[in-house]
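Read-outs: derived from the displayed coordinates by stated rules, not from any lab. All values derive from a computational prediction rather than experimental measurement. Here the Cβ positions follow ideal geometry from the backbone for every residue, glycine too, while neighbour counts run over all protein chains shown.
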Amino acid sequence: MAVTHYFTDNRSLPENRKDHSFEFMGHAYTFATEDGVFSKTGVDYGSEVLLKAAARERIAGNVLDMGCGYGVLGIVLKTLFPDAAVTCCDVNPRAAELADANSKTNRAPVSVIISDRFEHVPGMFDVIVTNPPIRAGKEVVYGIFDGAYEHLSSDGFLLAVIRRKQGAESAVRKLNERFGNCEIVMRDKGYWILKSRKSD
C-alpha cells in the first residue's frame with residue numbers, strides 16, 4: 001500500500017479535525033488540524049524556534065509562508081507584523097483549507113494558495129519563511145530554496161528551519177551556493193535557523 005504523507009494531495013483521507021491551542025509572545029491562538037497534515041497534534045518545536053528568530057527581524061512588505069501546513073507561521077507573523085501582506089502556500093489542499101480557516105479563527109487575514117512549491121505563486125516577496133518538508137526529500141527542499149531566490153525582491157531574505165541531524169549543514173552549503181550567503185541566526189535543541197539574503 002502506498003504511503004500517504006503530508007506533502008501530497010491527500011483529501012481522500014477521512015476527516016478528523018481537532019483544535020489545538022498555542023501561545024506565542026503574549027498572543028493566544030487556536031489552530032484546527034487534521035489527519036494528513038504536518039504536526040497534526042500541535043505546533044512543532046521547529047516552527048516555534050523559527051518564529052522566535054522571525055520575531056527579531058524587521059518583517060514588512062510581502063511575506064510568504066512556503067509549505068504553510070495549517071498556517072502557523074503565516075498567521076503568527078501576520079499577528080506580530082499586521083502591516084505585512086502575508087501569503088500562505090502549500091501543495092496539500094487539505095492543509096491550505098485549514099490555513100484559510102485558521103486565518104479566520106485567529107483574525108489574521110492571509111491569502112492562501114495551493115501550489116507545488118512556486119509553480120502557481122505570483123509576484124515577488126520581501127520575506128519568505130519555510131519549515132520545509134524534509135520527508136519529501138532533498139530535491140523538494142532545495143527546490144524551495146531555489147524558488148525562494150527567484151521570488152525574493154532585491155534585499156529580501158529567506159528564513160528556514162532545519163534540524164542538524166536532518167541536513168542543516170548541507171542546507172547551509174546549498175544556500176551559500178545559491179544566495180552567496182547563509183547565516184545561522186539561531187540554534188535550539190538541534191534546530192538551526194538559516195537566513196539568506198538576496199543581493200544584486
Per 5 Å bin, what is the whole-percent P(r) computed from every C-alpha pair distance within region 1-152?
2, 10, 21, 24, 22, 13, 6, 1, 0, 0
Which values of log₁₀ I(q)/I(0), to two decimal places, follow from the Debye formula for region 25-96 at q = 0.13, 0.23, 0.25, 0.26 Å⁻¹ with a uniform point scatterer at every Cα?
-0.36, -1.11, -1.27, -1.34
At a 4.7 angstrom Cβ threshold, list every cysteine in the chain that has nobody to pair with, or say none.
Cys89, Cys182
Nearest 5 percent is fine: what portion of the DSSP beta bridges confined to region 1-152 is antiparallel?
35
So how much slack lies between Ser21 and Lys138, counting 0.36 nm per residue of separation and subtracting their Cα-Cα distance, in nm?
39.0 nm
Which one of Met25, Asn102, Val63 has its Cα pushed farthest toward the positive end of the charge dipole of the chain, where Lys and Arg give +1 and Asp and Glu give -1 at the Cβ?
Met25
Using alpha-carbon pairs under 8 Å, 6+ residues apart, how would you state the relative contact order of region 72-200 in percent?
19
Highest-MSF residue in the chain out of Met186, Met25, Met124 [GNM, Cα springs under 10 Å]:
Met25
Among Ala60, Ala136, Ala84, which one shows the highest mean-square fluctuation when the chain is modelled as a Gaussian network with alpha-carbon springs under 10 Å?
Ala136
